[in-house]
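Worksheet: the structure to be examined is printed underneath.
Each value in this text was obtained by applying a stated rule to the coordinates, not by laboratory testing. Source: prediction; values computed, not measured. With ideal geometry, Cβ positions are generated from the backbone for all residues, glycine too; neighbour counts draw on all protein chains shown.
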Protein chains: 4
Amino acid sequence: MLGARGKVGAEVCRAVEAAPDTELVASVDAGDDIAALVEAGAGVVVDFTHPDAVMDNLRFCIEHGVHAVVGTTGFDQARLDQLETWLADAPGVGVLIAPNFSIGAILMMRFAAQAAPFFDSVEVVELHHPSKADAPSGTAGRTAELIAAARREAGSAPMPDATSTGIEGARGADVDGVRVHSLRVRGLVAHQEVLLGTAGETLTIRHDSLDRISFTPGVLVGVRAIADRPGLTVGLDGFLDIE
Amino acid sequence: MLGARGKVGAEVCRAVEAAPDTELVASVDAGDDIAALVEAGAGVVVDFTHPDAVMDNLRFCIEHGVHAVVGTTGFDQARLDQLETWLADAPGVGVLIAPNFSIGAILMMRFAAQAAPFFDSVEVVELHHPSKADAPSGTAGRTAELIAAARREAGSAPMPDATSTGIEGARGADVDGVRVHSLRVRGLVAHQEVLLGTAGETLTIRHDSLDRISFTPGVLVGVRAIADRPGLTVGLDGFLDIE
Amino acid sequence: MLGARGKVGAEVCRAVEAAPDTELVASVDAGDDIAALVEAGAGVVVDFTHPDAVMDNLRFCIEHGVHAVVGTTGFDQARLDQLETWLADAPGVGVLIAPNFSIGAILMMRFAAQAAPFFDSVEVVELHHPSKADAPSGTAGRTAELIAAARREAGSAPMPDATSTGIEGARGADVDGVRVHSLRVRGLVAHQEVLLGTAGETLTIRHDSLDRISFTPGVLVGVRAIADRPGLTVGLDGFLDIE
Amino acid sequence: MLGARGKVGAEVCRAVEAAPDTELVASVDAGDDIAALVEAGAGVVVDFTHPDAVMDNLRFCIEHGVHAVVGTTGFDQARLDQLETWLADAPGVGVLIAPNFSIGAILMMRFAAQAAPFFDSVEVVELHHPSKADAPSGTAGRTAELIAAARREAGSAPMPDATSTGIEGARGADVDGVRVHSLRVRGLVAHQEVLLGTAGETLTIRHDSLDRISFTPGVLVGVRAIADRPGLTVGLDGFLDIE
């Protein structure tokens, strides 16, 4: 574990130790010697550190044949290109860069996009604590874009909506033709619902994130699979194998 | 039953016959002689007719000592005053005028207003078929006003909301300080959810109307109770006795 | 349309006429001459008739090169084998036999099975009107079996459950290791929810069937795709193309 | 605050300090001198201590004219009788003993019982983390009993249920004639839903407890109101004034 003393890192350490099929062999944080990872025989490194540190960490891992699962932020195209270059010289090594390790959120987005062309109407409701600054949430915006893209590709008709009178804002925000509604309610954490409807039936896909540790199962999915995925992968999505 | 051959009237007839404690003694519609009701010994008349006919119907009922449960629309203050005058001369007779016979909708509004002062945040989501012309729905607007009034009376603080950036409409319509969100989705009928939240917990009150016959239980509540409620009552609300 | 004067057939006729890309060219029911279909130039036949009639109908269609989308029940392995034999002599003709045309129900089951291995816990709640004789519903039973199969294949651990005291039945029915809960509530139609959870997050997939016409969109999916699917297909599932 | 260094006590201290209309004047825990409360001029004491300590604490408070809001457990009838005796000599002093300070849970139970006689069917679904030992939960059991009592008093008919075949447990536990279903899913905290239905419509009342701090708003309700409620009150319920 790289970044082992951060809040997130500590949770990952706990999860790796608790899982029956993974073992925590080394915990390293800023100031420690990264070589400890190799000495301890780590097969996979999990990196939740800092944009300033992560590229050096990854170069070291790739050079030493250690796979990496990375939740650290700050990856632009230049950084991804650099990683590709390094990985070209280490053909067996896998690196996963994921901005979101929540399995539930990833599946919600995927299922919503897959189902969208089969329904006449699709709307998104996201519900968060009232300290959130942006509305709609980033996840809701991305979900709406994925839905819109899937419907464009399938040639779906525009959604029906006879609204002719009303109060401004009632029908929510228009994100690429998909209506998105943002609730801000004390007591909530982070929740999202996609509602799809056609004649006589509706399908609802809802994700509730109730605790910050919701990223740990996704990290474990990455840790378990990365050895079989040499090269660079962006997004945990590709690791959630669904035939 | 007055208006027995209309869609609504037919459903009411069926419900009255099906209930173990009520009996349908006469079915009258436009063109029939209203006197048949009295001859049949009707104790209570249910009127789902037309604004043009209902006042004559009610004068007849009141004069003949028959209680009335009325779902016909078109009652303004002048008409209510007229009814009061007629009822003053028939002290034992009760008339219930109700714009909404859905018990679920009435209880949803009441509970939402009662609970509202105990929570930091309250928002309303209403979901309807996409052929609906107005957004938000009339029920959602009324619910928001009742919530706002209850919070004003209790001296509730303004609801927390840190939203500073976003897309127009994401936070819904502002009805008297209460956010209302309107979804229009094929396959839905008429649904509403009130979400209340405070530190660490939320309370959700949801009403789903899946079929137009949802007014019949409310009509039966009126029929059973009207004999004990002499005079004019507006709204079924007062009949839903809750100690 | 074969079985055009039945309740279901009438709905299908309406839906075929209403859709912009399909046309109703012939309506045939018991007593009518099935040859009318060929004379009218039907490219696809929809059959919602009777187990006693459907095999003759299908032999006729296959012999005349007309594709068939079939919602009639009563297909056992012998009948399916017979269809395969007939289709072997008509290489371009497609026949779809589907026990369930609800797109929402099919996607719910598929998504539930796909997601199940990524979560520690999965339970099924099905909610129906109180006149239903069986509990759990057939759909809930099948959903649980699909979930169990997906988890077995993935080598998922048994679900956590510390229940040690309680009242009999509280934890629902055990279907292949998956807990299934059946609610019977007046006012409901047919609803099902699959709840999946892992550390800190849950994913909920819910299907609400509010009206019997919910099969028509699925029939249209079949009608549009059958010409590109020669041979026998059982289940609409395979027609919901998701890459 | 008595029990200020416990987990619960610490949360209450934070909440009292954060609220605009309450002030924390003294924090006392095991080993401290309780007299500090009086010296600090406390008007109301909140006691989250231990069954062994709470009676001595309350005698002290009552003797010194300090109101008390008590979340400590272990009150049997003998203890309540003792409190009544002490309070008889301190006519202005109020003591609130509450086993549950969650406003959402209390309102859910109250609304469910109030609404129950107006619907044909009522069922309870409770959802908890899988480490919970009992099924159904204590709150679900109490809710079912309140619903059953309200229906008995109103003379409600038995609930309709045509289930004739099925798998054992599918219809849940029978608590006083009310069906209760218990889900145990990783990622959940503590949730409960009451579903009420009649012809064509349903009403759902749901409580989600997402964080242990959900008791603090209820404690503050008690602190604000106790001075106006001399004598002994058991249950926060009576403090949630709803005209």
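Helices meeting the span-like rule in chain B (full DSSP H runs, Cα extent of at least 30 Å along the helix axis, mean Kyte-Doolittle score of -0.5 or higher) are absent.
Using a/c under 1.5 as the rounded threshold, could you call region B:103-210 rounded, prolate or oblate? The axes a ≥ b ≥ c are square roots of the C-alpha gyration tensor eigenvalues, and prolate needs a/b larger than b/c, oblate otherwise.
Details: a/c = 1.85, a/b = 1.26, b/c = 1.47.
Taking the square roots of the gyration eigenvalues as a ≥ b ≥ c, region B:103-210 is oblate.
Please average, across the residues of B:173-184, the number of beta carbons from any other chain that are within 10 Å of each residue's own beta carbon, and give a whole number. Show your work: numbers first, answer last.
Working: counts 7, 4, 2, 0, 0, 0, 7, 5, 11, 10, 12, 12.
Whole-number average of other-chain Cβ neighbours for B:173-184 is 6.
Taking the Cα centre of chain A as the origin, how large is its charge dipole in debye, to the nearest 20, when only Lys and Arg (+1) and Asp and Glu (-1) carry charge on their Cβ atoms?
On the way: 18 positive and 34 negative charges, 142 e Å.
The calculation lands at about 680 debye.
Placing a label point 7 Å from Cα along the Cα-to-Cβ direction at residue D:160 gives distances to the equivalent points in the other copies of 2.8, 4.1, 4.5 nm, listed shortest first.
Averaged over peptide B:22-34, the number of partner chain Cβ atoms lying within 10 Å of each residue's Cβ comes to 0.
How would you rank B:214, D:131, going from fewest to most other Cβ atoms within 10 Å of each one's own Cβ? Please list the in-between numbers first.
Details: B:214 26, D:131 11.
Fewest to most other Cβ atoms nearby, the residues stand as D:131, B:214.
Can you give the charge dipole size of region A:19-61 about its Cα centre, rounded to the nearest 20 debye, using +1 on the beta carbon of Lys and Arg and -1 on the beta carbon of Asp and Glu?
Working: 1 positive and 9 negative charges, 25 e Å.
In debye, rounded to 20, region A:19-61 gives about 120.
Checking the table B:7/C:7; A:132/D:132; D:7/D:132; B:7/B:132 against a 28 Å threshold on Cα-Cα, which pairs fail? Before the final figure, lay out each step's value.
Working: B:7/C:7 20 Å; A:132/D:132 32 Å; D:7/D:132 20 Å; B:7/B:132 20 Å.
Over 28 Å apart, Cα to Cα: A:132/D:132.
Just the number, please: Stokes-Einstein D of the protein assembly as shown in µm²/s, Kirkwood Rh from C-alpha pairs, 37 °C, 0.692 mPa s.
Working: Rh = 31.5 Å.
So the translational diffusion coefficient is about 104 µm²/s.
The rotation axis bringing chain A onto chain D passes closest to the chain A residue reported with its distance as A:210, 3, by C-beta distance in whole Å. Distance from the Cα centre of region A:110-175 to that of region D:174-202, in angstrom? One Cα centre to the other: 30 Å.
Dividing the Cα radius of gyration by the Kirkwood radius, what Rg/Rh value follows for chain C?
Working: Rg = 20.6 Å, Rh = 19.8 Å.
Taking Rh as the inverse mean 1/r over Cα pairs, Rg/Rh reads 1.04.
With its label point defined 7 Å out from Cα along the Cα-to-Cβ axis, residue B:59 lies at 7.4, 7.8, 9.7 nm from the matching points of the other copies, in increasing order. Summing Cβ point charges (Lys, Arg +1; Asp, Glu -1) relative to the Cα centre of region D:103-210 gives a dipole of roughly 260 debye.
Mean per-residue shielding of peptide C:216-223 is 2, counting Cβ atoms of other chains within 10 Å of each Cβ. The mean sequence distance of close C-alpha pairs (under 8 Å, at least 6 residues apart), as a share of the length of chain A, puts its relative contact order at 24 percent. Within the protein assembly as shown, DSSP assigns beta bridges of which about 55% are antiparallel (rounded to the nearest 5). With the simple spin-label model, which puts each label point 7 Å out from Cα in the Cβ direction, the residue A:38 to residue B:10 separation comes to 8.4 nm. Label-point spacing at residue C:92 relative to the other copies reads 5.5, 8.3, 9.9 nm, in ascending order, each point sitting 7 Å out from Cα along Cα→Cβ.
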